[in-house]
Amino acid sequence: MIEVLHVLSCLFQSSNGSSNNNMVTMNTPYNTLPPAQRLRKFQEQILNCKNELEKKQKAREGLAKMKIVFQENPKFGDEQDVTQQIIAIDENIDKLFAEIKRFEVKKFFIQLNFIFIILVLYF
């Protein structure tokens, strides 16, 4: 059991290598909130990003259809304008995926902190 606690304490070391009371500290806008509230805020942020991601993906699908129409019939519009909009939306989609991953990692570390505290208190 001591080996498990040692492994967990190694997981919870900060980036500079020093242990911070066996707790992970992360620079976040919610650092002052208790862990349960921080967890809830990150879950809300993930949900917001996923909703925005869905909107951007639908917009991209619409632009892709417009691009096909413009390719088949150039008098309806310029294909290059739509292509530039698709590129911009793709960049936004990539940023949203990165944000979702970032919030999921923060949420994961808060959950690990809960588990670590329970293990420390139990043993």
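Output wanted: per-residue J couplings in Hz (rounded whole) for the range 39-52, from phi through Karplus 6.51 cos²θ - 1.76 cosθ + 1.60, θ = phi - 60°, x for Gly and Pro.
4, 5, 5, 5, 4, 5, 5, 4, 4, 4, 5, 5, 5, 5
Summing +1 for each Lys or Arg and -1 for each Asp or Glu, what net charge is found among the other residues whose Cβ lies under 14 Å from the Cβ of VAL82?
For residues surrounding VAL82, the net value is -3.
Please compute the length gained on full extension between ASP94 and VAL120, using 0.36 nm multiplied by the number of residues separating them and subtracting their Cα-Cα distance. Spell out each step's value before the answer.
Working: separation 26, 0.36 × 26 = 9.36 nm, distance 3.88 nm.
5.5 nm is the gain from fully extending ASP94 to VAL120.
Work out from phi, with θ = phi - 60° and the Karplus expression 6.51 cos²θ - 1.76 cosθ + 1.60, the ³J(HN,Hα) of each residue of the range 61-71, listed in order in whole Hz, and give x for Gly and Pro.
4, x, 5, 5, 5, 4, 4, 4, 4, 5, 5
Compute the FRET efficiency between THR83 and GLN111 as 1/(1 + (r/R0)^6), taking r as their Cβ-Cβ distance and R0 = 25 Å, and round to the nearest 0.05. All intermediate terms of the calculation are to be shown ahead of the outcome.
Numbers: r = 42 Å, r/R0 = 1.68.
About 0.05, to the nearest 0.05.
Which order do ILE110, ILE115 fall in if you start with the one that has the fewest other Cβ atoms within 10 Å?
Fewest-to-most ranking of ILE110, ILE115: ILE115, ILE110.
For a Förster distance of 35 Å, can you work out the FRET efficiency between the beta-carbons of THR32 and GLU61, rounded to the nearest 0.05?
Values: r = 41 Å, r/R0 = 1.16.
Rounded to the nearest 0.05, the efficiency is 0.30.
Quick one: 3J(HN,Hα) in Hz for the range 92-103, Karplus 6.51/-1.76/1.60 with θ = phi - 60°, rounded, Gly and Pro as x.
Going residue by residue, I get 4, 4, 4, 5, 5, 4, 5, 4, 4, 4, 4, 5 Hz, with x marking Gly and Pro.
Could you name the lysines in cross-link range of LYS65, using Cα to Cα under 27 Å and dropping any fewer than eight places away on the same chain?
Straight-distance partners of LYS65: LYS50, LYS55, LYS56, LYS75, LYS95.
Throughout, read-outs are computed from the coordinates displayed, never taken from laboratory work. Note that the structure is predicted; figures quoted are calculated from it, not measured. Note that each Cβ is placed from the backbone with ideal geometry, even for glycine, and that neighbours are counted across all protein chains shown.
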